[in-house]
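Written below as structure tokens is the structure these notes are about.
All of the numbers you see were taken from the coordinates with simple rules; none came from a lab. These figures come from a predicted structure and were not determined experimentally. Ideal geometry is used to build each Cβ from the backbone, glycine not excepted, and the neighbour counts take in all protein chains shown.
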Amino acid sequence: MAKVGIPRTLAYYTFYPLWKTFLEELGFEVVLSPPTNKKTLDLGVQETVNDACVPIKLYHGHIMALKSKVDYLFIPRLVSADGKSTFCPKFLGLPDMVRFSRNDLPPIIDTTFKVRKFRASIFSFLNTVGKRLSASKASIIRGYLQARKAHKKYHFLLSKGLFPAEAMGKLNSSLGEISFPQSGKEKLTLAVVGYPYSIFDPYISGNLLQNLRKMGIGIITPENISLKNIKKMETRLPQNFFWYYSNRAAWGTLHLMEKSGNIDGIIHVTAFGCGPDAMLNKLLELEDKNHNQLPFLSVSIDEHSGEAGILTRLEAFVDMLAHKKQSEGSREI
Ligand code: SF4
């Protein structure tokens with residue numbers, strides 16, 4: 001069975017169930033790169049220019065981990081997922097960046113992903129991928145229907161508070177058996193915002209989410225907000241970003257600021273070397289000042305940030321919030 005490799009980063013957090021289901025229905029084995037570790041990052045750093053952002057360096061590391069194990073690399077040219085904004089320019093150039101970085105790579109499936117109306121555009125994208133892989137019309141249609149189902153279920157699970165890895169783990173179980181992570185008894189609830197590939201990669205984020213959960217903190221991220229609610233924030237800013245993930249992070253955070261009365265603080269995870277993030281971080285800070293002035297912490301990640309340094313900052317932030325909450329509670333009495 002021919003193998004198709006998918007890197008476990010960037011758009012993986014948004015589209016993996018869709019892509020994987022489709023490719024498997026066509027009869028391919030999908031090989032996911034292993035979770036990020038020091039070696040992945042070191043290999044990525046070697047393959048990229050110095051001033052690339054850390055997620056792009058990491059992507060190259062995941063390619064290196066896959067290249068000798070698969071017959072194809074799946075690196076679609078990600079242009080737009082909503083017909084309005086585009087992905088950051090580094091996403092647009094990914095297939096070329098990877099192709100010209102090495103000359104020992106398997107063939108790259110670099111079909112353009114440019115969605116306007118989701119259903120029709122997704123079919124057209126998957127149809128092109130299927131034809132490129134010489135799949136039959138019947139298997140393409142079957143794959144498309146199954147892939148849409150998996151994508152929908154994945155986003156439903158995210159909207160119930162699961163993290164991507166948890167939602168992917170539950171995709172094949174029935175919805176009735178799923179226990180959702182937030183118990184409502186957490187001592188504090190934090191909004192952890194930013195790009196999914198920065199927040200949810202345990203290695204690059206210094207285990208930020210896992211450490212917060214260990215401290216008994218409830219967490220909500222923009223990925224946990226339904227697409228319907230995210231879209232409602234589309235007209236909220238005088239000027240939106242040009243970039244898909246920046247808009248998602250901004251709209252998701254605005255939704256949390258406006259609608260969730262139970263958020264005690266915000267952590268923005270930013271990627272060192274990311275141009276869009278420089279603007280996004282400032283915007284979120286200003287919006288926070290204009291709203292409920294929640295305590296706001298920016299955590300910048302790069303290839304040198306270690307878990308211990310991030311953990312110290314988290315502990316200090318959580319202590320400060322717990323103290324604040326306690327003194328506000330005693331004042332009310
Ligand atoms: S949005 Fe920022 S972090 Fe993401 S790929 Fe672009 S430059 Fe890198």
Report task. Could you calculate the contour length gain from K131 to T312, that is, 0.36 nm times the residue separation minus the distance between their Cα atoms, to one decimal place in nm? Result -> 60.0 nm
Query - Under DSSP loop assignment and at most 16 Cβ neighbours within 10 Å, longest GluC sites (Glu not before Pro)-free interval of the chain - result: 1-233
Query - Set of lysines near K67 by C-alpha distance (under 25 Å), chain-local residues within fewer than 8 positions excluded - result: K3, K20, K38, K39, K57, K90, K131
Report task. Among G261, V45, Y72, pick out the residue whose Cα is farthest towards the positive end of the charge dipole of the chain, where Lys and Arg carry +1 and Asp and Glu carry -1 on C-beta, about the Cα centre. Result -> Y72
Requested in this report: For the stretch 84-148, state which chymotrypsin sites (Phe, Trp or Tyr not before Pro) are in a DSSP loop and have at most 13 other beta carbons lying within 10 Å of their beta carbon.
Outcome: F100
Query raised in the report: For the charge dipole of the chain, defined by +1 on Lys and Arg C-beta atoms and -1 on Asp and Glu C-beta atoms about the Cα centroid, which residue among T189, I225, M1 has the Cα displaced farthest towards the positive pole?
Result: M1
**Report entry** Euclidean distance between Cα centres, the stretch 9-25 to the stretch 83-150, Å
**Finding:** 10 Å
Query - Sparse-neighbourhood loop sites, trypsin sites (Lys or Arg not before Pro) in the stretch 1-110 - DSSP loop, at most 15 other Cβ within 10 angstrom - result: K69, K84, R102
Report task. Filter the chymotrypsin sites (Phe, Trp or Tyr not before Pro) in the stretch 228-299 down to the DSSP loop ones having no more than 16 other Cβ atoms within 10 Å, then list what survives. Result -> F242, F272
Requested in this report: Could you name the lysines whose alpha carbon sits less than 22 Å from that of K259, not counting residues in the same chain fewer than 8 places away?
Outcome: K160, K185, K187, K228, K231, K232, K282, K289, K324, K325
Query - Within the stretch 122-139, backbone nitrogen closer than 16 Å to the virtual label 7 Å beyond the Cα of A2 toward Cβ - result: 126-139
Requested in this report: Distance from a point 7 Å along Cα→Cβ of K324 to each backbone N in the stretch 279-316: keep the residues under 15 Å and list them by number.
Outcome: 285-299, 314-316
Query raised in the report: Charges only on Cβ, +1 for Lys and Arg, -1 for Asp and Glu: so what's the dipole of the chain about the Cα centre, in debye to the nearest 20?
Result: 1320 debye
Query raised in the report: Under unit Cβ charges (Lys, Arg +1; Asp, Glu -1), what dipole magnitude, rounded to 20 debye, does the stretch 231-333 have relative to its Cα centre?
Result: 440 debye
Report task. Can you check what the net charge comes to around G61, using other residues whose Cβ is under 13 Å from the Cβ of G61 (Lys, Arg +1; Asp, Glu -1)? Result -> +2
Requested in this report: Specify the inter-centroid distance of the stretch 294-328 and the stretch 245-289, based on alpha-carbon positions, in whole Å.
Outcome: 16 Å
Report summary line: About its Cα centre, the stretch 75-151 carries a charge dipole, from +1 on Lys and Arg Cβ atoms and -1 on Asp and Glu Cβ atoms, whose size in debye to the nearest 20 is 380 debye
**Report entry** Cross-link partners of K117 among aspartates and glutamates (Cα-Cα below 19 Å; sequence separation of 8 or more within a chain)
**Finding:** D82, E234
**Report entry** Distant-in-sequence amide H partners of A271 (H built 1.01 Å from N, under 5 Å)
**Finding:** I301
Query raised in the report: Going by a ≥ b ≥ c, the root eigenvalues of the Cα gyration tensor, does the stretch 218-333 fall in the rounded group (a/c under 1.5), the prolate group (a/b larger than b/c) or the oblate group?
Result: oblate
Query raised in the report: So what is the relative contact order of the chain, in percent, for Cα pairs below 8 Å that sit 6 or more residues apart?
Result: 17 percent
